[in-house]
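The values are calculated or read from the model by the stated rules, or taken from the named source; none is laboratory data. Here the structure is a predicted model, which means the values were calculated and not measured. Cβ atoms come from the backbone with ideal geometry, glycine included; neighbour counts cover every protein chain shown.
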Amino acid sequence: MNKAITDGVVFQPTPFEDGLNVWSSQDGTPGSNTYDSSSTAAFVPADQDFGGCLELQKTSSTTKLRFMGQTPMEPGCYLLVKAKVKLISGAFPSVRIAGWAGKANNAPVTGVTVVGPSKTLTSYGQVVEVRAIVGSGNRGGVDMAWGKDAAYGHLGLDLTGPNGGIVRIDDITIEDISTLYVDELMGAVDVRDFGAVGDGVTDDHDAFEAADTAANGREVLVPEGTFFVGGSITFQNRVRFVGTLDMPVDARLTLLKDFNLPSYIDAFGDEVLAFKKAFQSLLNFNDHESLDMGGRRVQLIEPLDLQAAVHNRTQFNTRRVIRNGMFQADPSTAWDSEAVTATATYSNSNGLRLTNVTNAASIQPGSLITGSGVGREVYATSVDVAGQEITISRPLFDAEGTQPFTFTRHKYMLDFSGFAKNSYLQFDDVEFQGNARASHVLLPNAGLCFHFRDCHFNRPNFKCVTSPGSACQGLMFDRCQFLSAESQLRVQDRVSIVFNSNKNDIKIRDCRIQHFRHFGVICGTGSVISGNHWFHGDGEPQGERVAGLIFTRPNAVALITSNYIDNNYIEWTNEHDSTPDFSNQFSFGGMTITGNIFLAIDVAPWFNFLVVKPYGTGHTISGLNFSGNVFRMFSGNIDRVEGVNTTYADLDRSRFKNVVFEGNTYSAINEPAFNPCTLEHSEPSDSSIWTMNFAPYMPFGAQTRTVESVVANDKIRSGGSVVGDMPYCLTGVGPNQDQVKLGWKQASRGKVVVTARCDSPT
């Protein structure tokens with residue numbers, strides 16, 4: 001670039017022979033004194049070294065010579081100012097290039113360097129050249145950096161040192177050398193050309209904005225150095241960072257053409273700070289819906305507080321995506337869980353509140369609550385220190401009164417708990433590597449539709465994804481893999497859990513889950529669990545098995561289909577109910593378990609694949625479809641696939657409704673369950689009452705409540721005659737009410753096929 005050539009800009013001052021009325025003895029500004037008719041200056045037409053030149057006597061501490069013409073200055077333009085001088089007689093002065101910088105409004109530019117390097121004349125008649133580079137940016141070799149505000153200059157030289165010397169000065173030349181500062185990549189605009197300093201102290205915000213404005217499609221270069229930018233800035237053009245930025249927490253950097261994590265890492269030189277700044281920009285409507293991590297790994301030594309990173313928002317409810325990267329927990333004591341024990345009062349009438357909480361100030365939101373009468377995965381959603389109250393995520397089943405509770409705050413790599421509400425955030429192809437040090441993701445207090453797709457959750461110390469409130473509404477996992485850090489432990493010794501949910505409509509699809517204590521604790525309704533494989537076994541002979549999925553709402557409204565359920569079981573409870581005894585609410589129902597593979601290896605005979613565990617009395621089953629499943633055992637049989645855990649209460653089997661057990665395939669199951677159940681009965685001798693025992697086949701040890709059909713499978717005879725009468729049926733007979741009796745008008749014998757049910761048709 002050369003403005004004299006490309007734009008016809010004239011930089012060269014007029015020669016001295018054209019008159020000294022344009023050469024000032026002051027700053028060169030309009031109205032300043034000139035050397036025209038001065039007694040201390042004269043034009044010499046024929047010097048042996050210079051030809052025509054100016055002869056000037058030094059008469060003041062700084063004798064100035066300035067061209068009164070305005071030499072134009074603009075960002076990116078660099079001028080080499082040169083002058084040849086020689087001492088004729090008198091004392092030996094020093095010489096330097098100097099100038100005066102002016103703004104477009106003719107005001108002086110203050111705070112900039114206006115003199116170049118100085119040379120002392122040491123002999124008479126010796127020609128000495130002084131030179132200096134003047135330009136807008138603090139580039140290498142630039143002697144006078146005037147910044148973006150300088151519109152023009154009055155350039156010339158100074159004589160300093162002792163007075164009395166007489167010097168001759170050849171015509172001053174000004175040459176455009178901007179081509180020396182063109183970046184290696186064509187079309188780059190250097191922020192230094194617009195006044196950026198890069199000393200880590202000076203606020204370069206305005207220089208950055210000016211450079212971006214001037215770029216107009218070209219790349220902006222941030223050269224080596226630390227550039228303090230004191231406010232938010234948006235780059236409309238591409239930016240290449242060689243140096244780094246220092247910005248306040250609340251100042252946003254938005255890279256519209258380079259919105260990806262690698263660019264932010266280049267900008268800040270620190271991957272954690274870079275992610276914070278990129279996430280901050282993502283949630284401030286920067287014209288991008290997603291942040292591409294570029295395959296980069298962000299190594300964390302402490303939890304990443306995402307709300308603190310955004311700073312200006314406690315709510316955000318617009319879809320945003322984070323994709324293609326990794327978060328890794330590195331060694332640090334900041335991952336250590338913190339536990340606080342405090343006494344609190346619980347009332348069933350205020351089921352989501354703990355009151356009179358001692359030591360409330362020490363309890364952190366997002367803490368897991370344990371204690372007598374507390375179900376699994378109950379969290380402190382918020383803490384009111386002044387009111388000594390804690391809002392909790394789920395009710396407690398048996399904690400009426402005052403008692404001690406333990407509040408354990410696990411530490412999460414990504415912590416969203418500072419958000420009051422955050423919705424529609426999606427993670428695509430992201431790996432969370434906890435290294436058995438950290439849990440992975442803590443959701444905000446409220447929100448909708450967090451979505452994890454094609455993500456890998458590796459080795460958390462306690463949790464993969466935790467919901468301390470209602471942000472799990474519509475939670476989705478698709479094609480994710482969850483690998484625990486506890487594969488070497490016995491099942492009963494494991495503590496890690498993949499996820500919990502408190503709200504409705506979760507979708508868990510096509511995921512693979514390995515060796516956790518629990519896959520999920522689900523308290524909402526409308527759940528769809530399909531196409532997953534979760535396996536939780538160990539190598540212990542007849543080892544203990546625990547629940548993979550736990551549903552804590554009796555009317556679950558859940559669809560569990562086409563999964564591979566391996567060495568664990570489905571547990572169905574009402575442990576998150578402050579009044580768990582049945583009154584007028586829905587009892588256990590709304591559960592569809594179809595088309596799954598159930599497998600277990602070397603377990604005790606009493607193991608079951610579906611366990612109903614009522615936490616209160618009076619409950620029954622009303623709406624369970626358990627069909628089309630395949631059950632396979634290795635290294636031993638089990639008695640039944642279904643069972644009831646009566647630790648707190650049993651089921652009322654006299655009120656079963658709409659229970660379907662059919663189309664299942666049982667291998668190595670001693671007592672397969674069917675409903676409706678069809679049995680063939682042969683009565684060898686004449687009898688008026690035929691008794692059929694359905695006990696081994698009724699689900700959950702249920703009663704026989706109805707008979708759907710009685711079909712003679714041979715001739716029914718009484719003595720030598722064929723009987724044509726139909727028998728009457730008695731259900732719910734026998735000691736356990738699990739038999740059916742057929743009553744005949746006359747004593748008969750023969751063979752029948754009877755279909756009975758454990759539930760009522762209405």
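Restricting the first member to segment 239-257 and to residues that are outside the structural domain of Ala207 (by TED's automatic domain parsing) and farther than 20 Å from Leu291 by Cα, and the second to residues that are among the small types (Gly, Ala, Ser) and buried (at least 21 other Cβ atoms within 10 Å of the Cβ), no beta-carbon pair is closer than 9 Å while six or more apart or on different chains. Every condition in (1) among the β-branched types (Val, Ile, Thr); (2) touching an Asp or Glu at 6+ places or on another chain (Cβ under 6 Å); (3) surrounded by fewer than 23 Cβ atoms within 10 Å (Cβ to Cβ) holds for Ile550 except the one numbered (3). Filtering segment 131-183 to residues that are among the basic types (Lys, Arg) and either in contact with a Phe, Trp or Tyr (Cβ under 8 Å, 6 or more places away or on another chain) or over 17 Å from Lys119 (Cβ atoms) (or both) leaves Arg139, Lys148, Arg168. Would you confirm, using the coordinates I've provided, whether Gly543 is assigned to a strand (DSSP E or B) and either among the basic types (Lys, Arg) or touching a residue at least 24 places away in the same chain (Cβ under 8 Å) (or both)? Judged against the criteria, Gly543 is not a match. Any idea how many residues of segment 120-150 are buried (at least 16 other Cβ atoms within 10 Å of the Cβ) and not aromatic (Phe, Trp, Tyr)? Within segment 120-150, residues that are buried (at least 16 other Cβ atoms within 10 Å of the Cβ) and not aromatic (Phe, Trp, Tyr) number 20. Would you please name the residue that is nearest to Phe656 (Cα to Cα), looking only at residues in segment 695-732 that are of a type in the set (A, V, I, L, M) and over 60 Å from the mean Cα position of the chain (by Cα)? For segment 695-732, the residue satisfying everything is Leu730. Taking the listed residues Val441, Val465, Val430, the one that is touching a residue at least 40 places away in the same chain (Cβ under 8 Å), among the aliphatic types (A, V, I, L, M) and part of a strand (DSSP E or B) is Val430, with no other qualifying.
Would you confirm whether any residue within segment 518-540 is β-branched (Val, Ile, Thr), part of a strand (DSSP E or B) and touching a residue at least 40 places away in the same chain (Cβ under 8 Å)? If you could, list the steps in order and put the result at the bottom.
Initially, segment 518-540 is screened for residues β-branched (Val, Ile, Thr), giving 521-522, 525, 528-529.
Narrowing further to those that are part of a strand (DSSP E or B): 521-522, 528-529.
Pick out the ones that are also touching a residue at least 40 places away in the same chain (Cβ under 8 Å) and you get 521.
The answer is yes; a qualifying residue exists.
Against the test of being assigned to a strand (DSSP E or B) and more than 30 Å from Asn645 (Cα to Cα), the options Val711, Val707 yield a single qualifying residue, Val711. The set of residues from segment 207-231 being buried (at least 17 other Cβ atoms within 10 Å of the Cβ) and closer than 23 Å to Ala309 by Cβ comprises Phe208, Val222, Phe227, Phe228, Val229.
Across segment 468-513, the number of residues qualifying as in a loop (DSSP other than H, G, I, E, B) and crowded, with 19+ Cβ neighbours inside 10 Å comes to 17.
When every residue of segment 360-382 is checked against the conditions, at least one turns out to be assigned to a strand (DSSP E or B), small (Gly, Ala, Ser) and modelled with pLDDT of 95 or more. Strands (runs of 3 or more DSSP E) fully within segment 579-675 that include at least 1 residues being of a type in the set (Gly, Ala, Ser): 589-594, 597-601, 622-627, 642-644, 665-667.
Here are Ile177, Ile166, Ile97: which of them is of a type outside the set (Ser, Thr, Tyr), within 60 Å of the chain's Cα centre (by Cα) and at pLDDT 95 or above?
Working: Ile177 fails: at pLDDT 95 or above; Ile166 fails: within 60 Å of the chain's Cα centre (by Cα).
Criteria check complete, one pass: Ile97.
Checking each residue in segment 415-445 for being surrounded by 21 or more Cβ atoms within 10 Å (Cβ to Cβ), out of contact with any Asp or Glu (no Cβ under 7 Å at 6 or more places or on another chain) and among the aliphatic types (A, V, I, L, M) picks out Leu425, Val430, Ala438, Val441, Leu443. Inside segment 97-154, can you point out the residues that are in a loop (DSSP other than H, G, I, E, B), in contact (Cβ under 8 Å) with a residue 12 or more places away in the chain and either hydroxyl-bearing (Ser, Thr, Tyr) or assigned by TED's automatic domain parsing to the domain that holds Ala207 (or both)? Result: Thr113, Thr122, Ser123, Ser136. Residues that are polar (S, T, N, Q) and under 24 Å from Val85 (Cβ atoms) were ranked within segment 1-23; the one that is modelled with the lowest pLDDT is Gln12.
Among the listed residues Phe674, Phe661, Phe694, Phe700, which satisfies the condition of being on the phi > 0 side of the Ramachandran plot and crowded, with 20+ Cβ neighbours inside 10 Å? Reasoning before the result, please.
Working: Phe674 fails: on the phi > 0 side of the Ramachandran plot; Phe661 fails: on the phi > 0 side of the Ramachandran plot; Phe694 fails: on the phi > 0 side of the Ramachandran plot.
None of the other options fit; the residue is Phe700.
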